[in-house]
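Peer 1: What follows is a single structure, and I will ask about it in a moment.
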Amino acid sequence: MIKRLIQFISIALFILILGACSNSMNGMNYNNMNMDEEREVTSEDTTTKGLQQTVSTEKIELNEFTLVAQERKHTLTEGIDIQAWTFNGSVPGPEIRVQEGEEVKIILKNELKDPVTIHWHGIPVPNNMDGIPGVTMNAVQPGDSFIYEFKTTVPGTYWYHSHQDGVNQLDKGLYGSFIIEGKNDEEVDKDYTLVLDEWMSDTDSDRFRMGHDMGNMYDIFTVNGKNGKDVLPLLVNEGDKVRLRLVNAGFMSHKIHLHGHEFKVTGTDGQEINDPELIKDQLISIAPGERYDIEFTTDNLGEWLLESHGDMEGTDGMKVPIKYESFDGASTDKSNQQEKLKLFDLTSYGKEGSGGFTLDQEYDLSYTMDLNTGMSSRGMVYTINDKTFPKTENIKVNEGDLVKVKLENNSTIDDHPMHLHGHFFQVLSKNGKPVQGSPIIKDTLNLKPGDEYVVAFKADNPGNWLFHCHDLHHASAGMVTQVTYDGFKPQFTPNPNANNQPE
Ligand SMILES: [Cu+2]
């Protein structure tokens, strides 16, 4: 209660400070938002004038291709045009589909006026391919190119996004899905990828000035870049086995409800769940950076919704119709987005198996990460062990170390979806209770306020790797650390003129 009060007073103070220095917004690390650039998210704006319209998201199934970062005008729904930053002219960027074990070569070409990079979220690439400006490479300057090359070792659902000034560049649309199809993947009839995100209709309001944690400045929710009635339906036939790959590219969690069908959660963050059972009418809460794969059989002729639940302003616009092609009647399914259904619990789902780690085994290293919210003279900060990046203490490892990390969210109102680069970790316990059911292997783990998790990983990929919150408002305001390998030397020289902004 006292903590809550302190937090409330902190936020109130923060608003006062903001009000007093609204013209110096650019000088603040918090949000790091350029008001002029952000103002484009209104329908009558002139900043989209002269820009080419976005194209629909293409599927790339090659192992060598080019991604061009470029500015476009994008229509979220009729009447709402935004100035978007895109890969290959679409929001999301191309859906990349490659096979397990392939060598891929991706040329990033930057046609924007700001530097960019690409990070392959969740894919354990070599460190120099991880796309972190100032940590693994220099940001790719306007007009320049960079070649990424790596092997697709672990099949699953991943995504890619710029890691330069991410809080702004992801907000503008610089992301896409990356699917590695496995040799032993179960055959399905339909395989759809759904990328979730949020946008702002009005960035000039008081609500915007109050910042991310006061009310909600994101009021337009999208699936594959489209809102409301413009969301493309999923077409199915009776008897189809359907796989949906849900990817959250936004900065908010979304609770997704599949209507009319039983389903299984078959994977998360690119890793299979052991022997998942059928469930129904449970909400899959998907946090920023996370992925969930679900599968169902189309045994209920009609037209159904896959919809977001909750009472946020944007919730209403995040609905995907599922249409049986042979159905020509009127849909009887209705939205029930306000209904508080059971939340899917990953920590007691599927069958036990070996994930490689146990709570009581020996570890070479143990770390604790105390995640918290605080105030500084610059405004709100998000801390790891009371420090903000780049002053946070690194998690120092030797190659081969078995590392145990206890994560504690001591913020009173903020979720922290923590993402580790270059490695998967196994989730061993939640709030002191060992994980039941299937082993949980992830790269992004959401901590609600008060949550405490113990995770473990093997230091098997030498480099300097970010470990950070994927609410990038929190990352840009401090919640970033690194896992660093003893003796590792990056293969690039940081260029002080590259404007590297890793968080
Ligand atoms: Cu956070």
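The values are calculated or read from the model by the stated rules, or taken from the named source; none is laboratory data. Only a predicted model underlies this, so the values are computations on that prediction, with no experimental measurement involved. Virtual Cβ from ideal backbone geometry, glycine too; neighbours counted across all protein chains shown. Calculation scope for accessible area: heavy atoms of the full protein, side chains included, ligands and nucleic acids excluded. Shrake-Rupley method; radii C 1.70, N 1.55, O 1.52, S 1.80 Å.
Peer 1: Is at least one residue of segment 472-491 modelled with pLDDT of 95 or more, within 16 Å of the ligand (Cβ to nearest atom) and part of a strand (DSSP E or B)?
Peer 2: Checking segment 472-491: at least one residue is modelled with pLDDT of 95 or more, within 16 Å of the ligand (Cβ to nearest atom) and part of a strand (DSSP E or B).
Peer 1: Also: Quickly run through segment 99-115 and pick out the residues that are in a strand (DSSP E or B) and either free of Cβ contacts under 8 Å to residues at least 24 places away in the same chain or surrounded by fewer than 20 Cβ atoms within 10 Å (Cβ to Cβ) (or both).
Peer 2: Matches in segment 99-115: Gln99, Glu103, Lys105, Ile107, Lys109.
Peer 1: Among the residues of segment 363-372, is any of a type outside the set (D, E, K, R), more than 16 Å from Thr481 (Cβ to Cβ), open to solvent by 40 Å² or more (accessible area, probe 1.4 Å) and touching a residue at least 40 places away in the same chain (Cβ under 8 Å)?
Peer 2: No.
Peer 1: Follow-up question, since we're still on this one. Anything in segment 136-169 that is open to solvent by 20 Å² or more (accessible area, probe 1.4 Å) and assigned to a strand (DSSP E or B)? List them, or say none.
Peer 2: If the condition is that a residue be open to solvent by 20 Å² or more (accessible area, probe 1.4 Å) and assigned to a strand (DSSP E or B), then Ser145, Phe146, Ile147, Glu149, Lys151 are the ones that fit.
Peer 1: Also: Working only within segment 417-441, note down all residues that are closer than 15 Å to His121 by Cα, more than 16 Å from the ligand (Cβ to nearest atom) and assigned to a strand (DSSP E or B).
Peer 2: Selection gives Phe425, Ile441.
Peer 1: I'd like to verify a number: residues in segment 292-335 that are in contact (Cβ under 8 Å) with a residue 40 or more places away in the chain and outside any strand (DSSP E or B), how many?
Peer 2: 16
Peer 1: Among the residues of segment 73-110, write down those that are under 30 Å from Asp219 (Cβ atoms) and among the polar types (S, T, N, Q).
Peer 2: Matches in segment 73-110: Thr75, Thr77, Gln83, Thr86, Asn88, Ser90.
Peer 1: Of (1) in contact (Cβ under 8 Å) with a residue 60 or more places away in the chain; (2) in a strand (DSSP E or B); (3) under 22 Å from the mean Cα position of the chain (by Cα), Tyr453 satisfies all except one. Which?
Peer 2: The single condition Tyr453 does not satisfy is (1).
Peer 1: I would also like to ask the following. Of the numbered conditions (1) away from the ligand (no atom under 16 Å from the Cβ); (2) of a type in the set (S, T, N, Q); (3) closer than 30 Å to Asp281 by Cα, Thr368 satisfies every one except a single condition; which is it?
Peer 2: (3)
Peer 1: State which residue is nearest to the chain's Cα centre (by Cα) when the search covers only segment 254-265 and only residues that are without any contact (Cβ under 8 Å) to a residue 40 or more places away in the chain and open to solvent by 20 Å² or more (accessible area, probe 1.4 Å).
Peer 2: Lys264
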